[in-house]
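Participant: Structure in structure tokens, see below.
The values are calculated or read from the model by the stated rules, or taken from the named source; none is laboratory data. Keep in mind that this is a model prediction, so the values were computed, not measured. Here the Cβ is made from the backbone with ideal geometry for all residues, glycine too, and neighbour counts use every protein chain on show. Note: accessible area is taken over every heavy atom of the protein model, side chains too, but ligands, DNA and RNA are not part of it. Shrake-Rupley method; radii C 1.70, N 1.55, O 1.52, S 1.80 Å.
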Amino acid sequence: MIHQSNFPPSIGQALAALAEFLTVHSISWESAMQSRDQIASPSPERQALFSLAFSFIAFARWLPDALLVFKNDEQKEIVYANPALVQLFECASLDEWLAYVNRSFSEIAAFEDRARIRNEVIRPSASSTPLTYRIRPVSQSVRWVEERRSDLFEPGRDALVCVTLADITERVEREQKQIRQIERLEARLRRVHQAQTMHAEVIETLSERYDSILYADLERQTIYGFRVSDRMGALLPKGASAKYDALFRDYAREWILPQDQAAFLAQTAPESIRAALAGKPELTLTYQVAIHEPPLAMRLRIVNSVPGAKTVERVVIHLHPVENERRQNDILVDALETARRANRVKEAFLSNASRHLNGVLDSGQPASSPDPLSKASIRLLVVEDNEINREIETEILQDMGFQVEEAENGLQALGRLVADPNGFDLVVTDIQMPHMNGWQLAKAMRDNPAMRHIPLIALSANSLEADKQASRQAGIDIHLDKPIDPDILEQAIHHCLVS
């Protein structure tokens, strides 16, 4: 690459003289290079400038970087460009390229970058910071270039500027890919954090209005507010105490349907609680409160605070809506399972991202398989019911270079395969899924001659040998354990497709 430096003044003068001669005599640069011996001037001094200009052009033709020379005037008229620059713009000849850019350096950059670099055209040549911008070749694809420039002689009315353009498209795309990977990684980590805290949010939300835990001393007829809902807090603030019978009498009068009040007070009386807990570990009452339309079904659970004790002196009382009990259980199970799964894949995903980015930074090239397939043409179907797992698996496979489509369960995947048996080269599936699990999907595929040939890889948290044996019996080619090791997954895909 030509670095920032000032050329001898004679080179600028020589190029300016030759450019003027060719313009006056309507001679193209290509024609001039082919018949340079016929370019002559009666002035020996001018002829010497022509020879120097041709020598510079001959040198520039062999430079790997694109090079051009333009007049540093208002029009920024291009005086010369070497073949590397013509090829960069996908033009057949220098004259074609000059016409493409309207012979002006101002039209070199892509339109969207011109405003950004307009004021840089006349920046001092002593600056060592290169410009980076986009250009658009004849095909209208986008190429990124890094520009460095030098004055060919002292600035003045006829000053010329020499510019080298290095094609840095691969480097910029690699950097942009790294940025996208980091952004996706940050988004995944935010999702993981959300999943891990979901169960706490569910408990807090569901208990806010109706869910309460009380501690009662039956001997002293005292009750304490351990955790109280908004409703209970109006009668018994958190951390406060009250008379046992007074609290339940006020609670029944304020919230319970009139026809249920007498039965509720009788069943929660200390003697009734002692009698009930004498023969079983828990007393459960279901009643309705009138604060809700339709009336809300509530459940009251009472357990002995000293399990196995012969006497019942102190008890723990839990009040919560029946509907919320089911909903809370379902949401908590889902939240905890999501958090558990997300945690398993997080470390593998971070490890893969770190390995890939470190490989790029160390070698300057993306990490690649030792025996790469034509991945861009290979279509994979990822079958996974958990959204976070599915997104991460898809992105890992896409980062490897494969085309990836998704299905949420085995039944949905089978529908896709039946509709287009030749549409996928390999299926990556979870085992435990609703509607149709991974083993059932594998058996259905192996029983169908149209899709029997498609390889199957299972990704499952079920790592026991019995599970792997069940996968083999179902027709799954390779059973891999979660969390995912991207290197092992890529090797497994390579093995299935090559075999």
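Participant: With only Lys, Arg, Asp and Glu charged, each at its Cβ (+1 for the first two, -1 for the last two), find how big the charge dipole of region 14-113 is about the Cα centre; round to the nearest 20 debye.
Facilitator: 400 debye
Participant: If you don't mind, another one. Skip the ligands, DNA and RNA, and give the accessible area per residue of region 439-481 with a 1.4 Å probe, whole Å².
Facilitator: Computed with neighbouring chains in place, this is 48 Å² per residue.
Participant: How far apart, in nm, are two points set 7 Å out from the Cα along the Cα-to-Cβ line at Arg379 and at Arg249?
Facilitator: With each label placed 7 Å out from Cα toward Cβ, I get 7.6 nm.
Participant: Continuing with the same structure: Filter the cross-link list Lys375/Lys443; Lys375/Lys482; Lys76/Lys177; Lys177/Lys468; Lys177/Lys443 down to pairs whose alpha-carbon distance in this structure exceeds 31 Å.
Facilitator: Checking Cα-Cα distances, Lys76/Lys177; Lys177/Lys468; Lys177/Lys443 exceed 31 Å.
Participant: Could you give the dipole magnitude of region 411-499 about its Cα centre, charging the beta-carbon of Lys and Arg +1 and that of Asp and Glu -1, in debye to the nearest 20?
Facilitator: Charge dipole of region 411-499: 360 debye, to the nearest 20.
Participant: What is the percent carbon and sulfur in the accessible area of region 390-499, measuring with a 1.4 Å probe over the protein chains and ignoring ligands?
Facilitator: Carbon-and-sulfur percentage of accessible area, whole number: 48.
Participant: Would you kindly state how much longer the chain becomes between Gln75 and Ala275 on full extension, computed as 0.36 nm times their sequence separation minus their alpha carbon distance, in nm to one decimal?
Facilitator: The span from Gln75 to Ala275 would gain 61.8 nm if fully extended.
Participant: Still on this model: Set Lys and Arg Cβ to +1 and Asp and Glu Cβ to -1, take the dipole of region 448-499 about its Cα centre, and tell me which of Ala450, Ala470, Ala492 lies farthest positive.
Facilitator: Value: Ala450.
Participant: Specify whether the C-alpha gyration tensor of region 220-279 places it in the rounded, prolate or oblate class, a ≥ b ≥ c being the square roots of the eigenvalues: rounded for a/c under 1.5, otherwise prolate if a/b is larger than b/c and oblate if not.
Facilitator: oblate
Participant: Note down the nm distance, to one decimal, between modelled labels 7 Å out along Cα→Cβ at Arg299 and at Ala263.
Facilitator: Label at Arg299, label at Ala263, 1.7 nm between them.
Participant: Give the shape of region 394-462 as rounded, prolate or oblate, defined through the alpha-carbon gyration tensor: a ≥ b ≥ c are the square roots of its eigenvalues, a/c under 1.5 means rounded, and otherwise the shape is prolate if a/b is larger than b/c and oblate if not. Display every interim value, and only then the final one.
Facilitator: Values: a/c = 1.69, a/b = 1.13, b/c = 1.49.
Oblate, since a/c reaches 1.5 and b/c is not below a/b.
Participant: OK, next. Apply 1/(1 + (r/R0)^6) to the Cβ-Cβ distance of Ile117 and Ala187, taking R0 = 25 Å, and write down the FRET efficiency to the nearest 0.05.
Facilitator: 0.15
Participant: For region 443-458 and region 210-256, what is the centre-to-centre distance using only Cα atoms, to the nearest Å?
Facilitator: Cα centroid to Cα centroid, the span is 61 Å.
Participant: By a straight-distance test (C-alpha under 20 Å), which lysines pair with Lys310 as possible cross-link partners, with residues fewer than eight away in the same chain excluded?
Facilitator: Counting by Cα, and skipping residues close in sequence, Lys310 has these lysines nearby: Lys280.
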